[in-house]
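Heads up, the thing below is written out as structure tokens.
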Amino acid sequence: MKYSIILASFCLTTFYFNSAKALDAPDGAGNYICSNQNQALIFTVRFNAAYENGLIIKEAKSRRNAMTFNNYYGNGASDHWKSGAGSWISEKNMCYLVLGYHKKDKFNQRLPFKQSKFRLLNSSTLGFEDANDNDYNDTVVEFHWVN
Ligand SMILES: [Ca+2]
Ligand SMILES: [Ca+2]
């Protein structure tokens, strides 16, 4: 009994630290970004990819999809997606996770999405990679705080 409690707290602690690591940097250096009491965030998404790319902005706490973008929106991508390249303004006082996905093809309902690697290109730009050339420009999202 004692051991299972110790094991459970160990697992929870490990999980906490792993999640905390993934949710790096409250100042926006990472894919975890918060608006604040006075300022919303504006996200501007562009694509430079032949493969199907999707970008999902999730509310960090609820994991609810707040906004989704797809480079084949209106051109074959399923209508779960809300937009092609473009901008979206967040709520205030909310934290978001920005996640990129891609398929190894143009839109193709039979292929699964894979999560894309990302890199902070500068202090306000995240780039995602859908292949091996490591240009990290396949999906690019800029974010700024706005009043
Ligand atoms: Ca690339
Ligand atoms: Ca590219």
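Quick note: the coordinates plus some simple rules give every number you see, no bench work behind them. Here the structure is a predicted model, which means the values were calculated and not measured. All Cβ positions, glycine included, derive from the backbone under ideal geometry; neighbour counts span all protein chains shown.
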request  = Set the Förster distance to 41 Å, then compute FRET efficiency between Asp79 and Ser123 from the Cβ-Cβ distance, nearest 0.05.
outcome  = 0.75
ask   = Once phi is turned into ³J(HN,Hα) by the Karplus curve 6.51 cos²θ - 1.76 cosθ + 1.60 with θ = phi - 60°, what whole-Hz value does each residue of the stretch 126-131 show in order, with x for glycine and proline?
value = 10, x, 10, 10, 10, 8
note = Two pseudo-spin positions, 7 Å from Cα along C-beta at Gln109 and at Ala50, lie apart in nanometres by 2.4
message = If you filter the stretch 38-118 for trypsin sites (Lys or Arg not before Pro), then keep DSSP loop positions with at most 16 other Cβ within 10 Å, what is left?
response = Lys61, Arg63, Arg64, Lys82, Lys92, Lys104, Lys106, Arg110
Filtered GluC sites (Glu not before Pro), the stretch 91-147: DSSP coil and at most 11 other beta carbons within 10 Å = Glu91
message = Taking R0 as 25 Å, what FRET efficiency do you get between Asp135 and Ile42 from their Cβ-Cβ distance, rounded to the nearest 0.05?
response = 0.55
key: Å³ per residue enclosed by the Cα convex hull of the stretch 35-105   = 78
query = Could you give the distance between the Cα centres of the stretch 83-147 and the stretch 28-65, to the whole Å?
reply = 7
message = How high is the relative contact order of the stretch 26-146? Use alpha-carbon pairs under 8 Å, at least six apart in sequence, and give a whole percent.
response = 33
message = If amide hydrogens are placed 1.01 Å from N in the peptide plane, which non-local residues have theirs closer than 5 Å to the one on Gly54?
response = Tyr101, His102
message = If every alpha-carbon in the stretch 56-147 counts as one equal scatterer, what log10 I(q)/I(0) does Debye give at q = 0.19, 0.20 1/Å?
response = -0.99, -1.09
note = Sorted by chain and number, the residues with a modelled amide H under 5 Å from that of Thr139, at a separation of 5 or more or across chains, are Asn48, Phe128
